[in-house]
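Inspection log for the structure reproduced underneath, given as structure tokens.
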Amino acid sequence: MENDNDFFRKFDNAGKPNKKSISTTILTSFISAIIGAVCASLIFLSIYNDKEAIDTSTANSNNSSSFNNLNLSQVSLENYSDTAIYAANKVLPSMVSISVEYDVNYMGMTRTSSGSGSGVIISEDGYILTNNHVVSSSDSSAFYQVTDAKSIKVKIYGDDTEYEAKIVGTDSQTDLAVLKIEKTGLTPAELGDSSSVQVGEFVLAIGDPYGLQYSVTAGIISALNREMTVEGTSYTVIQADCAINSGNSGGALVNSKGQVIGITTLKLSGTGIEGVSFAIPINDTIEIYEGLIENGKISRPFVGISGIDLDEATAIRNGLTKGIYVDSVIEGSSAEKAGIQSGDVIVKFDGQSVSTMDELTAIKDTKKVGDSVEVVFYRGNEEKTVTLTLGEAE
């Protein structure tokens with residue numbers, strides 16, 4: 001206890017302070033403490049704010065740098081441009097511009113008119129693939145009639161010479177034609193594999209829209225195996241969103257490797273319609289253009305009937321069987337020779353049930369001229385079976 005007292009005494013060795021001294025000491029200590037606390041707080045806040053400002057600035061700088069780098073990476077068009085440039089330069093030497101003259105007979109008067117299209121060189125010695133409708137118009141009505149082309153001239157990319165072209169062969173069913181010019185040393189296009197094309201794939205369309213020769217437009221594959229029917233003819237085509245217009249017909253649809261994967265042939269047009277164009281898959285053209293070069297035409301099997309599709313409800317209402325009602329039979333055709341008559345209802349063709357002309361045609365198109373097929377039909381309530389030898393379509 002004594003030591004404890006000594007301790008406090010040593011602390012108060014100036015003697016016992018009076019009340020005023022104590023009050024002054026307490027007040028002074030209190031004020032000093034407040035001032036010290038305020039100063040410490042200000043220093044702390046200053047340091048904290050400076051640190052926060054530095055951290056925030058650094059973070060914003062980092063984020064900005066990262067954001068900018070990310071955006072630059074995302075929107076950079078360098079690779080896209082390089083791809084388009086490569087593909088265009090590779091295929092352009094294989095492109096041609098086609099100008100056609102034909103007569104239009106209008107109300108007893110004949111006038112010469114002209115049209116334009118595009119084509120793709122497919123051989124070193126002058127064979128060119130294009131659309132049938134470029135060189136063989138069927139645009140006629142009761143008021144006017146368009147003749148076949150009376151003059152076809154071709155220009156090759158990078159060459160201002162106009163070459164006279166002759167029609168080697170045309171095929172309206174596939175809308176393909178082959179032309180020939182007397183020139184060698186040409187650059188044939190490299191053909192791709194249209195069966196490996198994918199939706200979303202980058203493509204170019206190259207042709208002569210409205211006479212603007214060798215125009216290049218870009219897009220992607222929008223869809224595959226589109227079934228389109230134009231003037232009663234059905235086509236299976238590639239859909240793309242490249243801009244194509246009048247004059248692009250017969251031109252090339254090109255992949256990123258500069259390979260031709262299709263022949264541009266038609267588009268949807270009208271108010272509110274944009275970027276809906278179609279091309280014939282290049283794989284589908286090979287057999288056709290080879291046949292046209294070899295024979296000048298495509299030999300197709302022919303049955304010789306016109307038919308009406310009978311669904312079950314229609315058949316029942318008319319006391320008939322579901323199938324294909326034979327509306328007429330062409331004289332001298334395979335159908336007539338086999339004994340098929342108007343009013344018969346075909347229910348099987350080559351062993352397969354059929355109820356529409358499209359189904360019958362699809363089976364027929366797998367055959368060749370001279371092949372024999374078995375046909376089952378009803379004449380009234382009697383079922384008959386005949387063997388039909390397919391003829392050749394004219």
Highest average packing first - 227-236, 382-391, Cβ atoms within 10 Å: 382-391, 227-236
Per 0.36 nm of contour for each residue apart, how much would the distance between residue 308 and residue 223 grow if the chain were fully extended, relative to their Cα-Cα spacing? 27.5 nm
If each of residue 79 and residue 231 carries a label point 7 Å out from its Cα toward its Cβ, how far apart are those two points in nm? 4.4
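Rounded, prolate or oblate: which fits the range 89-181, taking a ≥ b ≥ c as square roots of the Cα gyration tensor eigenvalues, rounded meaning a/c under 1.5, else prolate when a/b beats b/c?
Numbers: a/c = 2.70, a/b = 1.88, b/c = 1.43.
In terms of gyration-tensor shape, prolate.
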Step through the table entries 337/384; 180/297; 257/368; 337/368, compare each Cα-Cα distance with 25 Å, and write down the pairs that go over it. 257/368
Mind listing the phi-derived Karplus ³J(HN,Hα) values for the range 111-123, rounded to whole Hz, using 6.51, -1.76 and 1.60 with θ = phi - 60°, and x for any glycine or proline? 10, 8, 10, 9, x, 9, x, 10, x, 10, 6, 10, 8
What whole-number distance in Å separates the alpha-carbon centres of the range 245-275 and the range 291-338? 34
Along the Cα→Cβ direction, 7 angstrom out, place labels at residue 201 and residue 342. What is the inter-label distance in nm? 4.9
Relative to the present Cα-Cα distance, how much length would full extension add between residue 394 and residue 271 at 0.36 nm per residue of separation? 40.4 nm
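How much length, in nm to one decimal, is gained on full extension between residue 330 and residue 157, taken as 0.36 nm per residue of separation minus their Cα-Cα distance? It would help to have the intermediate numbers written out before the result.
Working: separation 173, 0.36 × 173 = 62.28 nm, distance 4.74 nm.
Using 0.36 nm per residue and subtracting the Cα-Cα distance, I get 57.5 nm.
Let a ≥ b ≥ c be the square roots of the eigenvalues of the Cα gyration tensor of the range 295-394; is it rounded (a/c under 1.5), or, if not, prolate (a/b larger than b/c) or oblate? Write down the numbers at each step before the final one.
Numbers: a/c = 2.02, a/b = 1.82, b/c = 1.11.
Since a/c reaches 1.5 and a/b is larger than b/c, the shape of the range 295-394 is classed as prolate.
Defining a contact as two alpha carbons under 8 Å apart and six or more residues distant in sequence, what relative contact order in percent does the range 194-284 show?
In percent, rounded to a whole number, it is 28.
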Counting only residues 5 or more places away or on other chains, whose amide H sits under 5 Å from the amide H of residue 261 once H atoms are built in the peptide plane? 192, 253, 254, 255
If you plug each phi of the range 363-369 into the Karplus form 6.51 cos²θ - 1.76 cosθ + 1.60 with θ = phi - 60°, what whole-Hz ³J(HN,Hα) values come out, in order, with x for Gly and Pro? 5, 4, 5, 8, 9, 10, 4
So if R0 is 22 Å, what FRET efficiency would residue 387 and residue 356 give, r being the distance between their Cβ atoms, rounded to the nearest 0.05? 0.50
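Only the coordinates and a few stated rules stand behind these numbers; no lab work does. Treat the numbers as computed from the prediction; the structure is a model and nothing was measured. Reconstructed Cβ throughout: ideal geometry from the backbone, glycine too, with neighbour counts over all protein chains shown.
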